[in-house]
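Presented below is the structure to which this report refers.
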Amino acid sequence: MRAITGVILLGVALGIPTSVLAGIDISPYYSIKSTKSVTPGNNNKTIENEKVTQRQEYGVRATISMWRLLKFQASVGQSEHTKSENVTEVADEYDEINFQEELEIDTSDPTADVTIKETQRIGKLSLVVDPSFSIFIARVKLGITARQRIIDRSQQGLPDTQVVEGPTYKPHSGIGFGVRLTSQIYWMAEYEFYHYKYPPDIEPFERELSVSFSVSI
């Protein structure tokens, strides 16, 4: 309900007549996100190690249609990811947090492991263009992502600790393709990019593939 209310209030704030707001689509979604990080090797700094982290996110989207093609979309979601790594190798794939310092990781034993559990709470606001071709729908979107990170550290011999980061606000972009099943129901797959280094850089970015099933009300 917060997502729906936020989109409606945005439309009112922009002075959009209610007659232009053609309908609201409600869609639960599921996505798989992939983030690639590159870090120097521990023994040889000239060798870079690549790591790919994948997260599964669940949430709900609300979309208000405007005119024929233009829409506003708001979404809220959450993901959880747990990893266990060597204390000397654990690192933040977004390069935003120094895990060793902020999570107070004990590196006195370089063979020890540490467990990191990260919960991400995600909110998005997007401007969407949806041209339709018969029963098929194409999608282009651009917007802002608000992300809060809750990171819990567990290490043997130490009390657990937690760091809360954000929320931060960064741009996202995406494309999508869907099939309209009826006049009020459609299925959509979307490929999005979260530009977490912007500004100054568009790259690197986190990739997200999501699927949703929308019902208009």
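The values are calculated or read from the model by the stated rules, or taken from the named source; none is laboratory data. The shown structure was predicted, so the numbers you read here are calculated from the model rather than taken from an experiment. So basically every Cβ, Gly included, is an ideal-geometry build from the backbone, and we count neighbours across all protein chains shown. Calculation scope for accessible area: heavy atoms of the full protein, side chains included, ligands and nucleic acids excluded. Shrake-Rupley method; radii C 1.70, N 1.55, O 1.52, S 1.80 Å.
If I model a spin label as a point 7 Å beyond the Cα along the Cα-Cβ vector, how far apart are those points for residue 112 and residue 216 in nm?
My value for the distance between the label points is 5.9 nm.
Put a dot 7 Å past each Cα toward the Cβ at residue 140 and residue 51; how far apart are the dots in nm?
3.7 nm
Could I have the simple spin-label model distance between residue 88 and residue 183, label points 7 Å from Cα toward Cβ, reported in nm to one decimal?
Here the answer is 6.8 nm between the modelled labels.
Taking amide hydrogens as modeled 1.01 Å from N in the peptide plane, which residues meet the under 5 Å criterion relative to residue 112, leaving out close sequence neighbours?
Close amide H contacts, sequence-distant or interchain: 87.
Enumerate the lysines that residue 36 could reach by cross-link, defined here as Cα to Cα under 29 Å, with residues fewer than 8 away along the same chain left out.
45, 51, 83, 117, 124, 141, 170, 197
Using θ = phi - 60° and the Karplus form 6.51 cos²θ - 1.76 cosθ + 1.60, what ³J(HN,Hα) does each residue of segment 94-100 get, whole Hz, x for Gly and Pro?
The phi angles translate into 8, 6, 10, 10, 7, 4, 4 Hz.
Under 5 Å between amide H atoms, partner at least 5 residues away or on a different chain: which partners does residue 196 have, H built in plane at 1.01 Å?
Counting only residues 5 or more places away or on other chains, the set is 206.
Within the accessible area of segment 77-152, what % is carbon and sulfur when the probe is 1.4 Å and the other protein chains stay in place?
On the way: 1880 of 3580 Å².
Carbon plus sulfur share of accessible area: 52 percent.
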